[in-house]
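To start, the structure under review is shown below, and the notes come after it.
Read-outs: derived from the displayed coordinates by stated rules, not from any lab. These figures come from a predicted structure and were not determined experimentally. Positions of Cβ are backbone-derived with ideal geometry, glycine not excepted, and every protein chain shown enters the neighbour counts.
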Amino acid sequence: MLVHWAGMFFEETWLDILARVVVLSAIGIVWVTLVIRLVGLRSLSKMTNFDFVVTVASGSLLAGSVQATEWTAFAQALGALAALFGLQYLIAQLRQQSEAFEDAIQNGPIFLMWDGKFIENALDISRVAKDDVIAKLREANVLDMGQVRAVVLETTGDISVLHGDHLDDDLVDGIERP
């Protein structure tokens, strides 16, 4: 039972704040852990743009739950977390079962470079600067542009650099070639 409108645990402000920090944080972390265990580790991936949004939103909701000043706000944040993870699970199932659904909600990967040459049109469409690609080439320890087989802007927004003497077609299967 609430003793004071501003306190969830205690009438004394500093004691209530301390109790909320400890108790709500613990409950929130346990809740998120439980939901992730039920839905699976994919909950924390960024395989798709939707996965990324869920990851960011879940962090925001967890922070909001810890800052709650009323039980209804706390319960709403935890419920929203469960709903987000549940929706993510449902969408992952639908993506596995329907290629049309997959195509409708997911951007495909795009080549930014092919055989050591930049694809200007792809850079323009994706709004990726050459300097950003060059930075990724350095991160991948590319020493010779002629060794770059492909640079791919992945569906997650990551940039993959494929370099070496040979490129296995299976690695770029399904990506429209320049």
> In the range 39-51, which residue that is free of Cβ contacts under 8 Å to residues at least 12 places away in the same chain and assigned to a helix (DSSP H, G or I) is farthest from Leu84 (Cα to Cα)?
Replying inline: Leu41
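Among Val30, Val54, which is the only one that is of a type outside the set (Gly, Ala, Ser), more than 30 Å from Glu154 (Cβ to Cβ) and in a helix (DSSP H, G or I)?
That would be Val30, the only listed residue that is of a type outside the set (Gly, Ala, Ser), more than 30 Å from Glu154 (Cβ to Cβ) and in a helix (DSSP H, G or I).
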>> Which residue is nearest to Ala104 (Cα to Cα), if the candidates are limited to the range 128-178 and must be more than 26 Å from the chain's Cα centre (by Cα) and in a helix (DSSP H, G or I)?
In response: Asp169
> Which is among the hydrophobic types (A, V, I, L, M, F, W, C), within 15 Å of the chain's Cα centre (by Cα) and within 24 Å of Thr156 (Cβ to Cβ), of Leu62, Leu90, Leu44?
Replying inline: Leu44
> Among the residues of the range 5-27, which ones are without any contact (Cβ under 8 Å) to a residue 40 or more places away in the chain and either exposed (fewer than 14 other Cβ atoms within 10 Å of the Cβ) or within 30 Å of Thr156 (Cβ to Cβ) (or both)?
Replying inline: Trp5, Glu11, Glu12, Thr13, Trp14, Leu15, Leu18, Val22, Ala26
> Which residue pairs have Cβ atoms closer than 6 Å, lie 6 or more positions apart in sequence or on different chains, and pair a first residue in the range 105-116 that is closer than 10 Å to Thr156 by Cα with a second residue that is charged (D, E, K, R) and in a loop (DSSP other than H, G, I, E, B)?
Replying inline: Pro109/Glu154
> Any idea which of (1) surrounded by fewer than 16 Cβ atoms within 10 Å (Cβ to Cβ); (2) farther than 17 Å from Thr155 by Cβ is the one Gln96 doesn't satisfy?
Replying inline: (2)
